[in-house]
Amino acid sequence: MQIALIGLPQSGKSTLSTAMTQGRGEASGSRRGRVEIRSAVVDVPDARVDRLTEMFHPRRTVYAQVRVDDVTGVSRGSAGQSGFDPQVLDALSRSDALMMVVRAFEDDAVPHPEVTVDPVRDVEIIMLELIMSDLTIVEHRVERIEAQIPKTRADARDKLEQELALMRRLAEALSRGEPVRRVPLAADEEVFLRSFQFLTAKPAMIVLNMGEDAEAYERSQYPGLPEDEPVLGIRGALEMEIAELPEDERALFLESYGIEEPGLNVLLRECYALLGLMSFFTVGEDEVRAWTVRRGAVAVEAAGAIHTDLARGFIRAEVIGYDDMLACGTMAEARKRGRLRLEGKDYVVQNGDILNIRFNV
Ligand SMILES: Nc1nc2c(ncn2[C@@H]2O[C@H](COP(=O)(O)OP(=O)(O)OP(=O)(O)O)[C@@H](O)[C@H]2O)c(=O)[nH]1
Ligand SMILES: [Mg+2]
């Protein structure tokens, strides 16, 4: 899974991505002109993985991973007439979800490109830039098809005309300020459009970067925010402080601030929900590991997430739910109590299931 952090300059993107990678990820970056993209691979914190590690004492523990791209170079007018800088467009197109990082903290020492702190306005600016970027692509496509149709043999024109009608519908919606994800599409249209990777077709989340002494986020404080995007309030500067603390001091610090769980954990969990993803686990002496699949995935898909051979040679999956595993304490006990089930290819994997795939290739 890849997520891109976008937002106006100085909104807190790097603060958040640094907090995410602190001590649990690797960062790399590329810079060209005003554009800088810093990528980091981040472990998805998961208390269940920690608990399973305590139970199985494996040689290593592997968390699910997310790639986070911190993308600069998006501000009012940056999608302009010809669209985003190609590097920005590329980073955004590759991502599975967009996190719009919006400044909500007051701090005279940090200049705001729009002068005042106004998260609702900033969300509108970012969304407008995304829409402009998609509209540029759609309009190019319309021009190309219009030029192509007269040169095309009559029997091959149908497909082009269908695409033209679809692109015109998108252009019309985008011109009205509607993201592609809200345009009703037939299943085949949706599949067809995937290759275009429209930015406004991607799931998006608004991340409000609140000051360190802000109250917990309440939607009612920001009445102008779009209703259909999920919003998460994060205290960016505080998250960075938390991430920088040695592990053993973290709990105390969180407690003194009355925080139950670091906001970054919540953020990554929300990303999973937004993208319709979940985790299942494999356990053993060697390794305890989290794997990511879409919600509703069946056992053979889960096997495929581990290795294609496991899907190809799939025989059965030995399954136990996470809570059952905790209650039993050990695999031997689980087996004794008959809690380990044998399931076939079509078993719908549940969030947190522990799987052992039996296969033969
Ligand atoms: N007071 C306060 N300052 C913050 C907070 N989060 C970030 N900052 C400061 O705001 C400034 C901008 O933060 P960055 O994380 O660099 O913002 P950015 O979005 O990466 O900025 P660009 O890379 O320029 O687009 C820095 O000086 C941060 O220290 C916060 O929650 N409270
Ligand atoms: Mg930055």
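The values are calculated or read from the model by the stated rules, or taken from the named source; none is laboratory data. Keep in mind the model is a prediction, meaning the values are calculated, not measured. So basically every Cβ, Gly included, is an ideal-geometry build from the backbone, and we count neighbours across all protein chains shown.
Tabulated data
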quantity: Options Val41, Val49; residue that is closer than 25 Å to Val74 by Cα and more than 16 Å from ligand 1 (Cβ to nearest atom); calculated: Val41
quantity: Conditions (1) surrounded by fewer than 15 Cβ atoms within 10 Å (Cβ to Cβ); (2) at pLDDT 95 or above; number of the one not met by Arg34; calculated: (2)
quantity: Residue satisfying all of: in the range 37-67; in a strand (DSSP E or B) and surrounded by fewer than 20 Cβ atoms within 10 Å (Cβ to Cβ); farthest from the chain's Cα centre (by Cα) among these; calculated: Arg60
quantity: Some residue of the range 200-209 being buried (at least 16 other Cβ atoms within 10 Å of the Cβ), in contact with a strand residue (DSSP E or B) (Cβ under 6 Å, 6 or more places away or on another chain) and free of Cβ contacts under 8 Å to residues at least 40 places away in the same chain; calculated: no
quantity: Subset of the range 106-148 that is among the charged types (D, E, K, R) and surrounded by 20 or more Cβ atoms within 10 Å (Cβ to Cβ) - its residue that is nearest to ligand 1 (Cβ to nearest atom); calculated: Asp122
quantity: Check on Gly73, of a type outside the set (Lys, Arg), in contact with a helix residue (DSSP H, G or I) (Cβ under 6 Å, 6 or more places away or on another chain), at pLDDT below 90 and within 16 Å of ligand 1 (Cβ to nearest atom); calculated: yes
quantity: Boolean, Thr18 is of a type in the set (Ser, Thr, Tyr), more than 22 Å from Ile131 (Cβ to Cβ) and within 16 Å of ligand 1 (Cβ to nearest atom); calculated: yes
quantity: Unique residue being within 16 Å of ligand 1 (Cβ to nearest atom) and at pLDDT 85 or above when the list is Leu89, Leu8; calculated: Leu8
quantity: Those residues of the range 183-220 which are over 22 Å from the mean Cα position of the chain (by Cα) and at pLDDT below 90, in sequence order; calculated: Gly211, Glu212, Asp213, Ala214, Glu215, Ala216, Glu218, Ser220
